[in-house]
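Q: Sharing a structure below in structure tokens format, with a few things to ask.
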Amino acid sequence: MDAEQIRRLQPMLARFLKRFDDCFARKDTRAHLSIYVGGQLSDLDRKSVEPIALAAEVPVRTLQEFISQHRWQEDLARDRLQDIVAREHAHPHSVGIIDETSFVKQGKKTPGVQRQYLGTVGKKQNGIVTVHLAYAADDFHCLLDGELFLPESWAADPARCQEAKIPAGMTYRPKTEMALELYDRARANGIHFAWLTFQTSLGSASGRGSWQTKRSGWAVADSDSDGMGRTCRKIGRGLGGLVEGQEKTRIFGLLFTAVPFRRGGGGDRRRQAGLTAFREIGGILTSPGIRLS
């Protein structure tokens with residue numbers, strides 16, 4: 001968005017941000033929120049604190065302190081956002097997107113940083129990983145929640161965590177467990193997901209059993225490690241591996257053209273599961289490019 005578009009939307013944005021006033025104890029702290037959000041919506045090449053502050057003509061240190069030092073109720077802000085989405089953007093075919101993302105970081109001081117697999121670069125490199133939950137319905141979409149993945153090496157070093165100002169109660173959790181917590185938190189705040197999409201790495205092992213026995217709805221697992229963005233483009237290439245849990249959770253593993261359905265053995269069962277899936281999905285999804293042969 002350019003400066004003129006942001007200017008026209010400013011009254012609407014101000015009304016929206018005002019709904020979060022009680023998340024900030026101090027008025028001067030609250031005022032910095034609109035500056036930071038406006039910078040994130042802008043067409044700046046870099047959207048870190050310094051260029052946002054310079055563009056808004058406020059002291060860089062002031063905005064840095066807002067992000068790093070000022071206290072505000074993050075959990076309340078998250079719950080408020082989810083309540084808004086639940087009340088104003090509910091939809092019978094809403095989609096939840098669970099995914100991890102990563103950022104390359106140098107050094108050893110950034111919380112959670114270590115050499116680990118980073119999807120953004122497609123290899124192991126020094127950086128951090130976060131797990132997120134997003135929501136989409138028709139032309140509306142937003143990020144609902146997210147948490148930092150704390151590696152085991154960090155969790156085993158309390159002194160390092162304290163130096164990095166990581167909360168005392170935060171410890172290592174598998175990403176699958178983190179994803180389930182994000183989902184459960186959103187559901188507790190009234191969010192309904194008709195569908196869930198996630199990478200198979202976030203819905204496997206013990207986590208898959210939790211989806212089947214404790215959660216209900218439709219789930220589409222993307223076996224491509226490039227992320228959730230490719231899930232929808234691959235739905236039309238085949239669905240299989242139907243699993244029905246105790247509470248009618250159905251989990252689908254996507255079968256791509258590189259792994260065609262074959263008759264005989266388990267192939268027929270998977271093929272039939274795919275056909276059954278599309279019959280049940282009906283008007284929710286249309287995939288004219290599907291091949292089940």
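The numbers here are math on the coordinates, done by the rules we state, and not lab data. Quantities reported herein were computed from a predicted structural model and do not represent experimental measurements. A quick note on method: Cβ atoms are made from the backbone with ideal geometry, for glycine too, and the neighbour counts reach across all protein chains shown.
Q: For the range 62-118, with equal point scatterers placed on the C-alpha atoms only and solvent neglected, what are the log10 I(q)/I(0) values from the Debye formula at q = 0.18, 0.27 1/Å, to two decimals?
A: Each listed q corresponds, in turn, to -0.97, -1.07.
Q: While we're on this one: In debye, nearest 20: dipole of the range 1-102 around its Cα centre with unit charges on the Cβ of K, R (+) and D, E (-)?
A: Taking the Cα centre of the range 1-102 as origin, the dipole is about 420 debye.
Q: Starting from the Cα gyration tensor of the range 1-72, take the square roots of the eigenvalues, sort them a ≥ b ≥ c, and report rounded, prolate or oblate (rounded when a/c is under 1.5, otherwise prolate if a/b is larger than b/c, else oblate).
A: Oblate.
Q: Still on this structure: Enumerate the amide H contacts of L196 below 5 Å, restricted to partners 5 or more residues apart or on another chain; note that Pro and chain-start residues carry no placed amide H.
A: The answer is G96, W218, A219, V220.
Q: Looking at this model, which pairs from K27/K108; K18/K105; K18/K175; K18/K108; K47/K165 are more than 30 angstrom apart at the alpha-carbon?
A: Table pairs above 30 Å Cα-Cα are K27/K108; K18/K105; K18/K175; K18/K108.
Q: Quick one: length gained pulling Q69 to R46 fully straight, 0.36 nm per residue minus the C-alpha distance?
A: Once the chain is fully extended between Q69 and R46, it gains 6.1 nm.
Q: Taking H as built 1.01 Å from N, whose amide H comes closer than 5 Å to the amide H of E100, not counting residues under 5 places away?
A: Here H132 satisfy the definition.
Q: Where a ≥ b ≥ c are the square roots of the eigenvalues of the C-alpha gyration tensor, would you call the range 1-129 rounded, which needs a/c under 1.5, or, failing that, prolate if a/b is larger than b/c, or oblate?
A: Judged from the Cα gyration tensor, the range 1-129 comes out oblate (a/c at least 1.5, b/c at or above a/b).
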